Amino acid sequence: MNATAQLAAAVVPAAGRGERLGPGAPKALRELGGVPLLVHAVRALARSRAVGLVVVAAPADGVPEVVALLDSHGLDGKDVRVVAGGATRQESVRLGLAAIPADTAVVLVHDAARPLVPVEVVDAVAAAVRAGAEAVVPAVPLADTVKRVEPQPAGGPEPVLDTPDRASLRAVQTPQGFLRATLHEVHEKALAEEAGGGLPPVTDDAGLVERFGGRVVVVPGHEEAFKVTRPLDLVLAEAVLARRRASDGF
Ligand code: CTP
Ligand code: MG
């Protein structure tokens with residue numbers, strides 16, 4: 001194993017349109033404090049001494065633009081590569097994973113849409129995989145009570161089925177960490193199933209590990225690792241960034 005393989009590699013799915021954020025550029029290229037979300041996310045990973053390589057899955061029609069964008073921002077001398085992403089997040093991760101050397105032991109998957117994840121979370125997830133877990137997700141307790149409902153196609157009132165005990169629920173974040181071999185195996189299995197008209201794609205990678213019977217563990221996430229999904233999230237992200245810049249010249 002060479003020196004680089006001992007470091008984790010990170011895949012950054014960044015190929016989504018950002019429908020819920022509203023009209024504009026692809027979400028990963030939208031700006032926060034004058035810097036694209038994707039650049040914030042890649043910097044957050046690059047800041048970790050556990051990470052040696054970052055592979056970005058860019059919008060398929062935007063690869064040259066993303067390469068130029070990353071080139072124009074200093075990224076701590078880390079090896080950053082760009083591949084074309086896919087039609088779903090799951091496909092984008094699979095395509096990014098394919099660009100990671102097979103002798104890499106640990107892989108992190110981090111949403112471009114989580115620009116403000118603290119480096120401590122990145123380090124803790126990588127360390128938990130190193131310590132023996134095959135799949136690790138950072139998560140936080142829920143503030144709201146959650147109800148399971150029967151969705152109504154016509155948009156009418158939704159009957160409540162039940163209320164899961166909030167104490168046992170967690171909202172999961174990224175980066176999620178995996179043994180590379182495990183993540184590769186579950187993505188290949190899911191692809192084979194899809195070809196046979198199988199289950200729909202998952203919204204997080206740990207979900208695939210669970211689907212095929214693997215063991216996933218949760219470590220503490222961080223409130224600032226939230227995902228920029230709706231317009232209000234951008235307002236919050238701008239406020240968090242402004243506070244960081246004021247307090248430590250971030
Ligand atoms: N993603 C991706 N490829 C896709 C879809 C999503 O790489 N085909 C990425 C997004 O760029 C984002 C992450 O997966 O960094 C999390 O997805 P989400 O927050 O749902 O982003 P979007 O799919 O872009 O947003 P929306 O669902 O509102 O359209
Ligand atoms: Mg999406």
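Would you confirm, using the coordinates I've provided, whether R49 is in contact (Cβ under 8 Å) with a residue 60 or more places away in the chain and within 16 Å of ligand 2 (Cβ to nearest atom)?
Values: in contact (Cβ under 8 Å) with a residue 60 or more places away in the chain: yes; within 16 Å of ligand 2 (Cβ to nearest atom): no.
For R49, the condition - in contact (Cβ under 8 Å) with a residue 60 or more places away in the chain and within 16 Å of ligand 2 (Cβ to nearest atom) - is not met.
Quick one: what pairs do we get from the range 15-27, first residue at positive phi, second near ligand 2 (Cβ under 10 Å from one of its atoms), C-beta under 7 Å, 6+ apart or different chains? If the second residue must be near ligand 2 (Cβ under 10 Å from one of its atoms), the pairs left are G18/K27.
Summed over the range 192-217, residues that are open to solvent by 60 Å² or more (accessible area, probe 1.4 Å) and modelled with pLDDT of 85 or more total 7.
Here is a yes/no grid of residues against (1) in contact with a helix residue (DSSP H, G or I) (Cβ under 6 Å, 6 or more places away or on another chain); (2) open to solvent by less than 20 Å² (accessible area, probe 1.4 Å); (3) of a type outside the set (A, V, I, L, M, F, W, C):
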site: A8; (1), (2), (3): yes, yes, no
site: R20; (1), (2), (3): no, no, yes
site: G33; (1), (2), (3): yes, no, yes
site: V66; (1), (2), (3): no, yes, no
site: E91; (1), (2), (3): no, no, yes
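Considering the conditions (1) out of contact with any helix residue (DSSP H, G or I) (no Cβ under 8 Å at 6 or more places or on another chain); (2) part of a helix (DSSP H, G or I), G24 is excluded by exactly one of them, (2).
Within the range 36-59, not a single residue is within 13 Å of ligand 1 (Cβ to nearest atom), farther than 19 Å from L234 by Cβ, exposed (fewer than 15 other Cβ atoms within 10 Å of the Cβ) and of a type in the set (D, E, K, R).
The lone criterion from (1) surrounded by 15 or more Cβ atoms within 10 Å (Cβ to Cβ); (2) under 20 Å from V11 (Cα atoms) left unmet by D233 is number (2).
The values are calculated or read from the model by the stated rules, or taken from the named source; none is laboratory data. Quantities reported herein were computed from a predicted structural model and do not represent experimental measurements. Positions of Cβ are backbone-derived with ideal geometry, glycine not excepted, and every protein chain shown enters the neighbour counts. With ligands, DNA and RNA removed, areas are computed over all heavy atoms of the protein, side chains included. Shrake-Rupley method; radii C 1.70, N 1.55, O 1.52, S 1.80 Å.
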